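Enquirer: Sharing a structure here in structure tokens format.
The values are calculated or read from the model by the stated rules, or taken from the named source; none is laboratory data. Just so you know, these numbers come straight off a predicted model, no measurement behind them. Cβ: placed from backbone, ideal geometry, glycine included. Neighbour counts: every protein chain shown. Ligands, DNA and RNA are excluded from the accessible area calculation, which covers all protein heavy atoms including side chains. Shrake-Rupley method; radii C 1.70, N 1.55, O 1.52, S 1.80 Å.
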Amino acid sequence: MLAIERHLADEAATIELGEDLALALKPGDCVALSGDLGAGKSTLARAFLRAVADDDSLEVPSPTFTLVQSYDLRIPAAHFDLYRLADSSELDELGFDEALSQGICLVEWPERADDALPSSRITLSITHEKDGRRVEISAPDATLQRIARTLAIRAFLDTNGHSKARRRHLSGDASIRAYERIYPADGSVSRILMDSPRHKPGPILQDGKYYQQLAHIAEDVVPFVAVDQMLIARGFAAPEIFARDLDQGILLIEDLGSDGVLDADGEPIDERYIESARLLARLHAERSEAEISVEPTVIHRIPDFDRTAMKIETRLLTDWYLPWKRGAPASDDEKREYGEIWDGLIDLLQTSETNLLLRDFHSPNIIWRGDREGLDRIGLIDFQDAMIGPTAYDVASLVQDARVTIAPSLASRMMEIYLAERRASGSFDEATFLRDWHLMSAQRNCKLVGIWVRLMQRDGKPGYMKHMPRTFAYLQAALSHESLKPLHDWCMKTGILVSESAN
């Protein structure tokens with residue numbers, strides 16, 4: 001088992017380590033805190049719990065007499081003190097296994113129940129060293145990599161003028177990316193840290209490439225940096241980048257705020273969606289460059305949303321959704337016919353308007369800045385997967401927001417605003433665009449129904465399945481266009497629309 005060693009100069013350094021660990025640990029982690037009286041075990045545990053709670057005043061009593069204290073936090077946590085444990089078998093009575101199955105367990109005096117703790121535990125051995133402490137962190141390799149990553153982010157902040165900054169979890173998405181809010185020690189305005197390690201190659205699917213390559217999913221932070229600087233140069237409100245490490249995939253960027261386009265009940269705010277549609281009209285009215293210089297030796301070429309990318313995404317329906325729905329794989333004939341239908345639909349796109357598309361332009365990725373004016377009120381994030389393709393894709397992404405139900409009246413108003421702005425901006429083939437809107441809506445929603453299942457089955461994220469009924473409603477609306485009749489008929493024949501519309 002590998003180990004990481006750190007010198008903790010004072011109590012502040014111990015607290016900082018506890019806060020850094022709060023960004024790395026996940027449900028199922030057991031942290032064994034080993035050390036003599038006064039070594040700093042309780043200090044570290046208290047800092048960890050307050051960081052997970054994002055509450056510096058959180059009451060964290062010592063569990064010396066109760067033996068365990070439980071906390072209902074962003075990640076549930078239980079703090080054990082086994083000093084008074086008579087026998088390791090008593091650990092069961094304290095509810096250790098249940099606590100570990102639901103969250104994180106912090107265990108002081110783990111030596112009292114060494115044989116009952118999981119072999120996969122993280123051990124922090126803390127010893128006195130001169131005026132400070134030395135900690136040795138040991139854990140299985142994959143777990144230790146998570147800890148090494150959070151310590152690397154701390155080193156990045158130290159190197160870039162943010163020593164002693166406070167870090168707090170902000171969000172994680174359906175990918176490997178995670179975000180933190182950084183509060184500088186000098187009290188200046190907060191920053192956002194993007195933690196985006198390079199994608200690890202997946203199984204080869206086609207032409208010697210894995211899914212991310214075929215679908216043109218960003219594999220590092222270079223595309224984000226490139227598209228960000230292009231959007232800023234064009235006058236859009238993308239975040240300024242204050243510091244970056246392209247190799248490690250760490251960016252420190254402007255905090256555009258926390259207001260979005262949904263109200264407190266999670267319902268769409270009409271004005272904000274309509275202004276977002278207006279922004280898309282402006283974005284699509286002007287041609288975008290395809291090659292962007294990030295550094296003298298680093299050039300990013302925005303990929304085309306080509307046939308391969310479109311089809312590999314639509315295959316998620318037959319690869320993931322149908323097997324889950326039926327309990328058996330899609331047949332070879334169903335896959336072949338489905339692929340041929342999509343080849344015919346993609347052929348129609350030869351006459352489409354193409355330009356920059358942000359790819360995931362919907363509620364999680366739109367920031368509302370009410371103190372600004374005009375389109376500067378719309379803050380843009382999460383555009384690292386941008387491509388050059390049919391502009392109708394982004395409009396479908398917004399009008400049929402995957403994460404929230406858009407009322408038909410609001411959808412119509414967004415379409416009217418977008419179309420009116422495009423007509424006013426110059427040459428615009430409205431009939432072709434509307435055909436493309438239905439086609440790209442179908443492509444996107446065929447992808448999403450597979451993604452929701454993949455997130456549940458492969459990635460252990462079942463929460464996304466709540467979007468499935470909405471996604472099928474959007475798909476059914478897309479299939480109403482006459483050009484999509486072959487796909488509509490295939491969905492009816494395979495029982496997809498019937499089964500979902502009956503729910």
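Enquirer: Protein chains only, probe 1.4 Å: how do ARG423, ARG167 rank by accessible area, largest first?
Expert: ARG423, ARG167
Enquirer: Stokes-Einstein diffusion coefficient for region 89-238 at 25 °C in a medium of 0.890 mPa s, Rh from the Kirkwood formula over Cα pairs: what value in µm²/s?
Expert: So the translational diffusion coefficient is about 125 µm²/s.
Enquirer: Test of understanding: express the Cα radius of gyration of region 387-445 as a ratio to 2.2 N^0.38 Å, with N the residue count.
Expert: Normalised Cα radius of gyration, region 387-445: 1.11.
Enquirer: If all Cα-Cα distances of region 1-126 are sorted into 10 Å bins from 0 onward, what percent lands in each bin, rounded to whole numbers?
Expert: The calculated distribution, bin by bin, is 13, 49, 34, 4.
Enquirer: For the chain, what is the charge dipole size about the Cα centre, in debye to the nearest 20, if Lys and Arg each add +1 at the Cβ and Asp and Glu each add -1 at the Cβ?
Expert: 760 debye
Enquirer: Additional query: Counting pairs of Cα atoms in region 63-109, how many percent are more than 16 Å apart? Numbers along the way, then the final one.
Expert: Numbers: 315 of 1081 pairs.
Tail of the P(r) past 16 Å holds 29 percent of the pairs.
Enquirer: Grab every C-alpha pair in the chain, bin the distances at 10 angstrom width from 0 up to the longest one, and report whole percents.
Expert: So the P(r) values, bin by bin, are 3, 17, 25, 23, 17, 10, 4, 0, 0.
Enquirer: Still on this structure, I have one more. Can you pull the accessible area of LYS41 for me, 1.4 Å probe, Å² to the nearest 10?
Expert: Roll a 1.4 Å probe over it and LYS41 shows about 10 Å².
Enquirer: Put +1 on the Cβ of every Lys and Arg and -1 on every Asp and Glu Cβ in region 391-503; which of SER480, THR494, SER412 then has its Cα farthest towards the positive end of the dipole?
Expert: THR494
Enquirer: Provide the percentage of antiparallel DSSP beta bridges, counting only those with both residues in region 11-168; round to the nearest 5.
Expert: 45 percent
Enquirer: Follow-up. Go through LYS311/LYS461; LYS325/LYS461; LYS335/LYS493; LYS200/LYS325; LYS466/LYS493; LYS200/LYS311 and tell me which ones have a Cα-Cα distance over 19 Å in this structure.
Expert: The pairs that break the limit, which is 19 Å between Cα atoms, are LYS311/LYS461; LYS200/LYS325; LYS466/LYS493; LYS200/LYS311.
Enquirer: Hey, another quick one. To check you understand DSSP bridge types, tell me what percent of the beta bridges within the chain (both residues inside) are antiparallel, rounded to 5.
Expert: Antiparallel bridges: around 75 percent, rounded to the nearest 5.
Enquirer: Then there's this: Of all DSSP beta bridges located in region 287-419, what percent are antiparallel, nearest 5?
Expert: Beta bridges within region 287-419, antiparallel portion: roughly 90 percent.
Enquirer: While we're here: Can you give the charge dipole size of region 1-80 about its Cα centre, rounded to the nearest 20 debye, using +1 on the beta carbon of Lys and Arg and -1 on the beta carbon of Asp and Glu?
Expert: My answer is approximately 280 debye.
Enquirer: Hey, another quick one. Which value, in debye to the nearest 20, gives the size of the charge dipole of region 1-152 about its Cα centre, when Lys and Arg are +1 and Asp and Glu are -1 at the Cβ? Can you show the working numbers first?
Expert: Working: 14 positive and 28 negative charges, 83 e Å.
Taking the Cα centre of region 1-152 as origin, the dipole is about 400 debye.
Enquirer: Evaluate region 139-224: find the radius of gyration of its Cα atoms, find its Kirkwood radius, and give the ratio Rg to Rh.
Expert: On the Cα set of region 139-224, Rg over Rh gives 1.06.
Enquirer: While we're here: Would you report the distance distribution of C-alpha pairs in region 258-370 as whole percents per 5 angstrom bin, up to the bin with the largest distance?
Expert: Histogramming region 258-370 at 5 Å steps yields 2, 9, 12, 13, 13, 14, 16, 12, 7, 2, 0 percent.
Enquirer: Working only with C-alpha atoms, what are the Rg and Dmax values of region 254-318, expressed in angstrom?
Expert: Over region 254-318's Cα set, Rg and Dmax evaluate to 17.7, 47 Å.
Enquirer: When only the heavy atoms of the protein chains count and the probe is 1.4 Å, how do LYS485, LYS209, LYS447 rank by accessible area, highest first?
Expert: Correct descending sequence by accessible area is LYS485, LYS209, LYS447.
Enquirer: What does the charge count near HIS7 come to, summing +1 for each Lys or Arg and -1 for each Asp or Glu among other residues with Cβ under 10 Å from its Cβ? Write out the running numbers ahead of the final one.
Expert: Details: positive: ARG6, LYS130, ARG133, ARG134; negative: GLU5, GLU129.
Surrounding charge for HIS7 is +2.
Enquirer: While we're looking at this one, here's another question. Can you sort MET387, MET465 by solvent-accessible area, 1.4 Å probe, largest first?
Expert: MET465, MET387
Enquirer: State the answer as a single residue: which of ALA51, ALA39, GLY95 lies farthest towards the positive end of the charge dipole of region 1-111, with beta carbon charges of +1 for Lys and Arg and -1 for Asp and Glu, about the Cα centre.
Expert: ALA51
Enquirer: Can I ask one more? From the mean inverse distance of alpha carbon pairs (Kirkwood) and the Cα radius of gyration, derive Rg over Rh for region 199-283.
Expert: Radius of gyration over Kirkwood radius for region 199-283 works out to 1.07.
Enquirer: Further question on the same structure: How large are Rg and Dmax for region 324-466 when calculated on the C-alpha trace, in angstrom?
Expert: 17.4, 56
Enquirer: Return the FRET efficiency for the residue pair SER89, ARG413: r is the Cβ-Cβ distance, R0 is 56 Å, and the value is rounded to the nearest 0.05.
Expert: Efficiency at R0 = 56 Å is approximately 0.30.
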